[in-house]
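Throughout, read-outs are computed from the coordinates displayed, never taken from laboratory work. Here the structure is a predicted model, which means the values were calculated and not measured. Positions of Cβ are generated from backbone atoms using ideal geometry, with glycine treated the same way; all protein chains shown enter the neighbour counts.
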Amino acid sequence: VASASATLVLPDTIANAMRAALEESRETGGVLLVGLAESPDGTLRVLGRELHLLGEGAYLRRERGELVVGSDAWAPALARAAQIGAAAMWFHTHPGASGRPFRSRRDERVDELLAEPFRIRTGVEVYGSAIIAGEPQRARFAARVSEGTAWREISRVWEVSDRLRLTQAVEPDEAQTSLELFDRNVRAFGGGVQRTVSALSIGVVGAGGTGSAVAEQLMRLGVRKLTIVDPDTLSRSNLTRVYGSTPADIGQPKAAVLAAHLARIAPDAKMVPVQGSIVEEDVARRLIGCDLVFGCTDDNAGRLILSRLSSYLLTPVIDCGVLLSSTANGELRGIDGRVTTLIPGAACLVCRKRVDLERARAELAPAEEHARLAREGYAPALGRVEPAVVAYTTAVAAAAVGELIERLTAFGPEPVPNEVLLRLHERELSANRAEPRPGHYCDPAAGKLGRGAADPFLEQTWAR
Ligand SMILES: [Zn+2]
Ligand SMILES: [Zn+2]
């Protein structure tokens with residue numbers, strides 16, 4: 001679908017280097033190496049992996065409004081692209097207050113000249129170009145990619161790091177977007193953040209107590225595109241904490257029940273309910289088009305997928321969990337909530353030991369095989385019903401949504417914590433940061449960040 005949107009996703013290392021290049025009053029050129037991921041609905045993600053700026057010696061001419069580069073200047077960057085399986089985009093700046101985010105006639109011609117040699121040298125069918133323009137802190141962009149002869153404009157740039165920032169090629173006209181409905185939000189964090197919120201596409205994995213509370217808050221915040229994933233149907237015991245659920249909904253798919261509820265709050269929102277588990281490849285792929293995903297699932301196998309997704313697709317994941325622990329005779333001993341944010345450069349859920357790998361394996365095994373292993377004592381028993389209380393699932397959901405707001409508004413402490421622990425029984429809140437384990441897929445040095453959706457998807461084997 002040629003009209004579906006394309007987004008350039010950049011970790012801060014690359015976005016900051018691009019902004020810094022705008023501080024040079026002459027034009028700067030380079031090659032941006034990217035991974036690619038296309039969602040089933042045709043949405044394209046172009047994922048920044050490495051930026052190779054040209055050395056001073058590569059320029060034959062370098063001025064404020066003109067750049068002439070020797071034909072072998074990009075050879076090293078293209079060789080690197082071929083080595084890591086990345087597509088290559090020609091990148092240059094239009095610096096200064098008068099720099100415009102538009103391709104000149106000359107820029108158009110350069111694209112035509114470079115497309116073929118870039119494709120041949122990288123071995124990837126996709127070529128692209130990106131311009132950033134203006135002053136560093138108010139940078140605008142123009143970017144496009146082509147596979148063959150048809151060009152596809154990149155309409156959004158999504159910067160993913162401790163802070164989240166969305167820049168749209170065509171910023172919504174301030175006068176034409178009514179923020180009246182969100183007046184109280186705007187008073188808190190301003191119209192810019194409110195417009196970003198309404199332009200984000202968000203995924204919620206798990207439509208239970210936490211996921212339904214997250215989704216309802218997102219809707220009231222102004223999010224207007226939501227993908228809701230859950231494999232289950234609503235049971236009577238869910239009514240105690242699933243927002244929007246009523247006795248009449250029992251037996252219906254949870255994702256659809258939640259979507260219908262949210263549609264009553266925001267009739268203009270686009271809701272995509274998906275009844276399925278993200279351990280199934282076609283379901284996981286439905287999340288490719290999301291700018292950010294909330295992990296509200298309580299299965300370990302699902303958390304493993306979200307953890308990989310955040311690295312390979314550069315998709316920030318805000319993962320939450322609630323654990324009520326009680327003694328053998330039913331006395332409540334602990335109420336522990338956790339909100340962990342996965343972004344490029346931060347430790348994933350595996351490195352943080354937030355996934356029980358043994359349980360994950362058990363969850364993925366075919367039911368009969370697992371039952372046998374569990375009987376023989378080789379696998380943990382599954383299907384135990386965990387205690388859950390609406391007050392605590394809602395508290396953790398609110399902390400998770402707050403995490404999104406704080407990263408959009410750049411509010412809060414530096415360095416930004418990547419995990420918040422809510423020890424509710426102690427009335428205590430704490431925060432921490434964790435680094436990737438060297439060599440793990442979440443470690444930038446491992447080269448997995450932004451690899452995209454190449455087969456096998458997320459470089460793992462899929463049972464279904
Ligand atoms: Zn130009
Ligand atoms: Zn990791």
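The table below gives the values:
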{"quantity": "Highest to lowest packing among 7-16, 302-311, 162-171, scored as the average C-beta count within 10 Å", "calculated": "302-311, 7-16, 162-171"}
{"quantity": "Per-q log10 I(q)/I(0), the chain, q = 0.08, 0.09, 0.12, 0.13 Å⁻¹ (Debye; single scatterer per alpha-carbon; no solvent)", "calculated": "-0.50, -0.62, -1.06, -1.21"}
{"quantity": "Approximate spin-label separation residue 137-residue 428, in nm, with each point projected 7 Å along Cα-to-Cβ", "calculated": "4.0"}
{"quantity": "Residues residue 121 and residue 446, FRET efficiency given R0 of 22 Å [Cβ-Cβ distance, rounded to 0.05]", "calculated": "0.35"}
{"quantity": "The stretch 386-464: C-alpha gyration tensor shape, a/c 1.5 cut-off, then a/b vs b/c", "calculated": "prolate"}
{"quantity": "Cβ crowding within 10 Å averaged over residues, with 33-41, 342-350 ranked highest first", "calculated": "342-350, 33-41"}
{"quantity": "Helix-only mean residue ellipticity at 222 nm for the chain, each DSSP H run of n ≥ 4 adding -39500 (n - 2.57), per residue, nearest 500", "calculated": "-8500 deg cm²/dmol"}
{"quantity": "Cα centroid separation - the stretch 74-89 against the stretch 390-409, whole Å", "calculated": "40"}
{"quantity": "Ratio of Rg to Rh over the stretch 279-408 (Cα coordinates, Kirkwood Rh, two decimals)", "calculated": "1.00"}
{"quantity": "Debye log10 I(q)/I(0) for the stretch 65-156, one point scatterer per Cα, at q = 0.10, 0.16, 0.19, 0.22 Å⁻¹", "calculated": "-0.26, -0.67, -0.92, -1.14"}
{"quantity": "For the stretch 454-463, 3J(HN,Hα) per residue [Karplus equation, 6.51 cos²θ - 1.76 cosθ + 1.60, θ = phi - 60°, Hz, x = Gly/Pro]", "calculated": "4, 6, x, 4, 6, 6, 9, 8, 10, 5"}
{"quantity": "Per-selection Kirkwood Rh - the stretch 32-105 (Cα, Å, 1 d.p.)", "calculated": "14.3"}
{"quantity": "Cα centre as origin, Lys/Arg/Asp/Glu Cβ charges: the stretch 264-381 dipole, Debye", "calculated": "280"}
{"quantity": "Reciprocal of mean inverse Cα separation for the stretch 8-50 (Kirkwood radius, Å)", "calculated": "11.8"}
{"quantity": "Surface/4 estimate of mean projected area, convex hull on alpha-carbon atoms of the stretch 335-437, nm²", "calculated": "8.7"}
{"quantity": "Low-density loop cleavage sites - GluC sites (Glu not before Pro) in the stretch 128-226, where at most 13 other Cβ are within 10 Å (DSSP)", "calculated": "174"}
{"quantity": "Cysteines (scope the chain) whose Cβ has no counterpart Cys Cβ under 4.7 Å", "calculated": "290, 296, 320, 351"}
{"quantity": "Number of Lys pairs (Cα under 30 Å; 8 or more positions apart or on different chains) in the chain", "calculated": "6"}
{"quantity": "Ranked packing of 84-91, 249-256, 454-461, most packed first, by mean Cβ within 10 Å", "calculated": "84-91, 249-256, 454-461"}
{"quantity": "Cα-based helix-to-principal-axis angle, 390-409 vs the chain, degrees rounded to 10", "calculated": "10"}
{"quantity": "Residue (of 69, 411, 293) at the positive-pole extreme of the chain, dipole from beta-carbon charges", "calculated": "411"}
{"quantity": "0 to 90° range, to nearest 10: angle between helix 75-84 axis and the chain longest Cα axis", "calculated": "20"}
